[in-house]
Amino acid sequence: MKIEQELIILGLLKEKARHGYEIKKQINDSLIFFTGLGYESIYYSLCYLEKQGLVKKIVTSSKSRPDKYVYSLTDKGKDRFGALLNRSFLHVQRPYFGIDISLFFLPYLKQENVKNKLKIRLKILKKIEKDLFKLYSGFKNKKPAHLLAILEHNLDLMKAEIGFVSRIITTLP
């Protein structure tokens, strides 16, 4: 399990005990805008964290519905969350963009195809930037400063990527 995923799940459980579906929904509805991480299935991660002793599972039963599991942090999970949170501030890695691999093998592609693909990429990036800016504008004056800072960071990265792709398009023959 990636450290980012572990940190997110533990952080959500630090806030309050939750069902697996509720964790997945919170990530896919809210955190994906800030982290870019989404989940198809949360239950593998929860099972892993339970085996590590970081979360505990309580079964709730109902006659008309299947059993539900509510997950909460253990003391060990609270300690792990604190350690991961502090470590994440100092964890620096070079940003990775999938386009770099394509550019590495650029000599093997037809130039007219490359320009077309880059123009499509640029269009997608601009749409993402527009959506991020709309989200940022909607949050301004409503959300805590730390969430606005994350959106500003993502907007800065998006602008840089748009500038880079635009320059590549103009430099290709």
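Computed from the coordinates by the stated procedures, all read-outs in this text should not be read as laboratory data. All figures in this text were calculated on a predicted structure; none of them were measured in a lab. Positions of Cβ are backbone-derived with ideal geometry, glycine not excepted, and every protein chain shown enters the neighbour counts.
Observations on the structure shown:
- Taking Cβ atoms as reference points and 13 Å as the exclusive limit, the residues near residue 95 contribute a net charge of -2, counting Lys and Arg as +1 and Asp and Glu as -1.
- Crossing angle, helix 145-171 versus the chain [Cα axis fit, 0-90 degrees, rounded to tens]: 30
- Straight-distance candidates among the lysines for linking to residue 57, with alpha-carbon spacing under 24 Å and chain neighbours fewer than 8 residues away dropped: 2, 14, 16, 24, 25, 68, 76, 78.
- Relative to the longest principal axis of the Cα atoms of the chain, the long axis of helix 111-139 lies at roughly 50 degrees.
- Tail fraction, Cα-Cα pairs, the chain, threshold 21 Å, whole percent: 61
- Computed per residue of the chain from DSSP H runs no shorter than four, each worth -39500 (n - 2.57), the mean residue ellipticity at 222 nm is -20500 deg cm²/dmol.
- Relative contact order (%) - criterion: Cα under 8 Å, at least six apart; region: the stretch 3-90: 34
- The chain - percent relative contact order, Cα under 8 Å, separation 6 or more: 20
- Qualifying lysines (Cα of each under 24 Å from Cα of residue 119; at least 8 residues distant if same chain): 110, 127, 130, 134, 159
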